[in-house]
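Below: the structure, in structure tokens.
Any read-out appearing in this document is the output of simple, stated calculations on the displayed coordinates, not a laboratory observation. On a predicted model such as this, the values are computed, not experimentally measured, just so you know. Every residue, glycine among them, receives a Cβ derived from its backbone with ideal geometry; neighbour counts consider all protein chains shown.
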Amino acid sequence: MSARARLHEAVERFSSRRVVLYGDLVLDRFVLGTPKRISREAPVIILRFEGQRDIPGGGANALANLAALGATVLPAGVVGDDEAGASLLAALAGTGVDVRGIVTLPGFRTVTKVRIVAGGAASLKHQVARYDVEDQLPDHDGWRDALFAHMAEVAATAHAAAVSDYGYGVVTAAGVARLRAALPAGALAVADSRFSLDALGTVDGATPNLEELAETGGAAPQSDAEVAFVAEALRAKLGARFVAATRGSEGLTLVEAGKPALHLPVFGTDQVADVTGAGDTVLATLTLALAAGAVPADAAVLANLAGGIVVTKLGTATVTRDELHRAIDLAPFVHD
């Protein structure tokens, strides 16, 4: 069977797969405005408010991508009992995610990244400022016990699991261990971590970007050989089967135990519209491809294609199966 045919078959199996997502759920809020004039109070532009868009971000963006690709999504995360939390749950439910398993914490402020986006009526809008709403999770473990119990229950029926750690405290090494122990035999767990990938214990795979590789390797790798060397060191440290390192305009590098490194060029164009959430798309697509029976090399190709698609879209975005099918047919590095 040709590589293209294998990839198409894997994508067709997406709709029959169940994937757990354990991670930090974030609300991406975009406040849209049109420049009005310079303020007399300070040297800043006054914007005329046009509207607001609330979109799942962080681990919630990975959830939305899994749902857009047709998977049955099993979320394990928390939100606050605030307006932002309610908006995030509504946004996730609107994508088809069953949000009943998400823990709502009284008094906790839902992590929210607010982006102020401005532009004229006939021009592209650009981000001009951003502020983040963050909070500390409660010290008591009642909420974590409830989260772990739910996660173990749904993981027992899953074909794979994704771990999305943005450093807000939901993801821990103990939680990753509980998740892996609850998965059926053969189901893989793939992790993406903003700050502490090498502190999450053993995982089956990981999807760091170059900055995250530098956190674990001490220096930012640049060449193919450097990226492969640092990624392999990380793979060995994690006890993982593979590491898929995303490299922005340079594509993706996959290292597997006992195999030569696979360097995939970027799909489409290196002139991107917005990289917001691209790592979430890669994590979701790669994990779902593994759940669908793809080997890591084929899963990495699909994840690389999905990343190339999503960066052409403005804001936090998702990829569909139809888009992946078209990309499989168009990608010059996928052979018949």
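For the listed peptides 102-110, 290-298, 71-79, a ranking on the average number of other beta carbons within 10 Å per residue, highest first, reads 71-79, 290-298, 102-110. Given their separation in residues at 0.36 nm each and the Cα-Cα distance between them, A199 and D81 gain 39.5 nm when the chain is fully extended.
What is the extension gain from T312 to A146, computed as 0.36 nm multiplied by their sequence separation minus the C-alpha to C-alpha distance, in nm to one decimal?
Going from the current span to full extension adds 55.9 nm.
For the chain, complete DSSP H runs whose alpha carbons reach 18 Å or more along their own long axis and whose mean Kyte-Doolittle score is 1.0 or higher are 278-291, 296-310.
Could you give the length gained by full extension between L124 and D329, i.e. 0.36 nm per residue of separation minus their alpha carbon distance, to one decimal place?
Details: separation 205, 0.36 × 205 = 73.80 nm, distance 2.99 nm.
Here the segment from L124 to D329 would lengthen by 70.8 nm.
Round to the nearest 0.05 the FRET efficiency obtained for E9 and D224 when R0 = 25 Å and r is the Cβ-Cβ distance. Write out the running numbers ahead of the final one.
Working: r = 29 Å, r/R0 = 1.17.
Once the sixth-power term is evaluated, E becomes 0.30.
Since only A121, A214, L200 are under comparison, the one whose Cα sits farthest along the positive direction of the charge dipole of the stretch 60-219, derived from C-beta charges on Lys, Arg, Asp and Glu, is A121. Given a Förster radius of 56 Å and the C-beta distance between I38 and V295 as r, what FRET efficiency does 1/(1 + (r/R0)^6) yield to the nearest 0.05? So the FRET efficiency works out to roughly 0.45.
Other residues whose C-beta falls under 12 angstrom from the C-beta of A155 contribute a net charge of +2, scoring Lys and Arg +1 and Asp and Glu -1. Annotation: aspartates and glutamates with alpha-carbon distance below 17 angstrom to K259 (same-chain offsets under eight excluded): D204, D224, E226, E232, D298.
Largest first and in whole Å, what are the equivalent-ellipsoid semi-axes of the stretch 154-298 based on the Cα gyration tensor, each being the root of 5 times an eigenvalue? Numbers along the way, then the final one.
On the way: eigenvalues 107, 54, 49 Å².
Ellipsoid semi-axes (Å, largest first): 23, 16, 16.
In this Cβ point-charge picture (+1 for Lys and Arg, -1 for Asp and Glu), the stretch 1-72 has a dipole of about 180 debye about its Cα centre. Dipole magnitude for the chain: about 600 debye, using +1 per Lys or Arg Cβ and -1 per Asp or Glu Cβ, origin at the Cα centre.
Label reach from T104 (point 7 Å along Cα→C-beta): in the stretch 57-79, amide nitrogens under 16 Å belong to 77-79.
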